[in-house]
Amino acid sequence: MSFLEKPSPGRQLLDDTVPLTAVIETSQNLQSHTEYIIKVQRGVSSENSWQVIRRYSDFDVLNSSLMVCSISLPLPPKKLIGNMDREFIAERQRGLQAYLDSITQHPLLCSSLFVKKFLDPNNYSANYTEIALQQVSMYFRSDPKWEVLEPLRDMGWRIRKKYFVIKNKEQPKERYLLSWVDLGPDKFLTDKDLQSAMKLLTSFSTPYLCPLLFSSTSESSALLIRPFSERGSLRDHICKVKPRESHLKKYCNPKKSQGLELQQIKLYGRQILEGLKLLHDGGMFFGHLHASNVMVDDGVCRLTDVENGMLGVPSALRPAFTQLRKINSTDSIDVFCFGHLLYEMTYGRPPDSIPVEQFPAVPYTSVVSVLQSILSTESCKSGMPTVSQLMQTPLFSDVQLQHSEKSQVKIPSRLKEALKTAKESLEKRLHEEQRVLHQHRRLTRAQSHHGSEEEKKRRKILARKKSRQSAYENEEDMSVRNNNNSGSGASSPLTCPSSPMPPSTTGGQTAPPPPPPPPPPPPPMLDSSSCPPLPSTDGTGGGRSALLSSIQGFSKGKLKKADIVDRSKPII
């Protein structure tokens, strides 16, 4: 959403920290060039996806824009002759896919405006610097004492936040930093409560919070003025770079970055914890602690941009802590961000991945123990320590502070209740996003396991066993049927018409039948050779032999002639 656009009621603002993934689905040849059709997806939902069409020349322009970061990116080389060959296009497509993977997975490049505009032109085509400058100029018409000196282009990573160096005409030698930022998707305070909270921040005077001199909020954006520090942030100190340069140039591949000494780690860490405790005790939420939001001046660290949580802008480390379901509150987010910052102060660079499986060796064992309590796999699964618990660790408990007086933040009860409600809404959105990511990871693991070679072999073995078992059962079934057919002949043998039916030998558990009626008079005696003997009922073998003997002893001449009346002739 642009600076001039007002958010529509019920509309979900775009979260710029949600990662984009890009897959080249196919390519198509036109008259003189090849176009690559790229499927781009925001987050884990396949419904939130779209297609963009890019030529190789578009990739080349993007790569030229990213050269400022001093990183060697795997863009396939140009080829003037034979670039329409089918095999070459397939090979180039694989190379371009590797290039897209490298920039979308890089922690800084993936959030740069160049990459966002390349993959999502519908949401990132605006010139944010020009729009911000227009808005600032319009505002200064009502307050002519301020004057814009220069824009600080791309000084920060946030796309929808722009910085300007300004001066007060009444104090022409002083320099101030003006920032203009869009409100974010986690803005849950009403406009009235947000104005009250920003006014309260301008009244703070504490040693570990950077002062906010002026603020003004609208329905869609905020204007903020604070002192400009020529010495830069804590990250500028660690990377040993000039504060005014582009953040891609400063932080993507710093040549001289170095961790701090133990005494600096102890002092700076304790000061940062004091600032966090001050906010937590006052009922305020931060969630945006990182090395660029800590200003260092005369050995004192001050937290800056503490208003970001209330403005609703997403945290720079949100893609990391949304993967960890135990980090589910604003206080635990601040502790997690502190661990990330402590790692950078110790090793001179942020961790490559979270959780950290193995910490590099350093002579400061007390630092590593604190890092393990925050960033290790066990701590990320069990939960974060509190700020007070970190302050009581041996690393920070013996630090002597220059400003030993206890500072307090006094917040009106109505505003404190509004901040509590907003914090609960922010945590609710975090829980829902973590739930969706957890389900997606489970589904991905199941699909990966289902498609693995070991699982395919196991399914083949099970299929063979099942097939053999089924064949064996079919053979048994056929054998039982044959036996049943043989048994039916034995239980119902062929008998002479004058012979009585032998009694049934089954149904032993039923009640005995009633006594039979008196026998009829005996029929005339027949020749014993005309009637086969009764088969025995003690087995199937006896019934079969009886049947065979009756067939062999049959004689047509021994049949008795019967008198019949022929009624088949027609009656005339």
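Length available on full extension from GLU454 to ARG55: 0.36 nm per residue minus the Cα-Cα distance, which gives 139.7 nm.
Using the beta-carbon distance between SER220 and ASN123 and R0 = 22 Å, what value does 1/(1 + (r/R0)^6) give for FRET efficiency, to the nearest 0.05? Before the final figure, lay out the partial values.
On the way: r = 15 Å, r/R0 = 0.69.
Efficiency computed from Cβ-Cβ geometry: 0.90.
Label-to-label distance, ARG86 versus ARG435, with points set 7 angstrom from Cα along the beta-carbon direction: 5.0 nm.
With a Förster radius of 22 Å, plug the Cβ-Cβ distance of GLN389 and SER366 into 1/(1 + (r/R0)^6) and report the FRET value to the nearest 0.05. For R0 = 22 Å, the calculated efficiency reads 0.90. Each peptide in 127-136, 262-271 receives the mean, over its residues, of other Cβ atoms within 10 Å, and ordering these scores from highest gives 262-271, 127-136. For LYS465, a cut-off of 14 angstrom between C-alpha atoms picks up these aspartates and glutamates, skipping any fewer than 8 places away in its own chain: GLU473. Okay, which of segment 287-314 sit inside 19 Å, backbone N to the point 7 Å along the Cα-Cβ direction of ASP143? Only 305-308, 311 fall inside the zone, counting backbone N under 19 Å.
On the accessible surface of segment 347-404, probed at 1.4 Å, how many percent belong to carbon and sulfur atoms? List each step's numbers first, then the result.
Numbers: 1590 of 3320 Å².
Of the solvent-accessible surface of segment 347-404, carbon and sulfur hold 48 percent.
Which order do the peptides 310-319, 241-250 take when ranked by the mean count of other beta-carbon atoms within 10 Å per residue, highest first? If you can, show how the numbers build up before the last one.
Details: 310-319: 22.7, 241-250: 18.2.
Per-residue Cβ counts within 10 Å, averaged per peptide and sorted highest first, yield 310-319, 241-250.
For the pair LEU401 and PHE554, the difference between a 0.36 nm per residue extended length and the Cα-Cα distance amounts to 42.7 nm. Look at where the Cα atoms of segment 248-306 and of segment 32-77 average out, and the two centres are 35 Å apart.
Listed by chain and number, the aspartates and glutamates whose alpha-carbon sits under 13 Å from that of LYS256, ignoring those within fewer than 8 places in the same chain, are ASP236. For the pair SER353 and MET478, a Förster radius of 60 Å applied to the C-beta separation gives a FRET efficiency near 0.50, rounded to the nearest 0.05. Stretched out straight at 0.36 nm per residue, the stretch from LYS240 to LYS173 would grow longer than its current Cα-Cα span by 21.5 nm.
The values are calculated or read from the model by the stated rules, or taken from the named source; none is laboratory data. Because the structure is a prediction, the values reported are computed rather than measured. Methodologically, a virtual Cβ is constructed for each residue, glycine included, from the backbone with ideal geometry; neighbour enumeration extends over all protein chains shown. Keep in mind that these areas ignore ligands, DNA and RNA; they rest on the heavy atoms of the full protein, side chains included. Shrake-Rupley method; radii C 1.70, N 1.55, O 1.52, S 1.80 Å.
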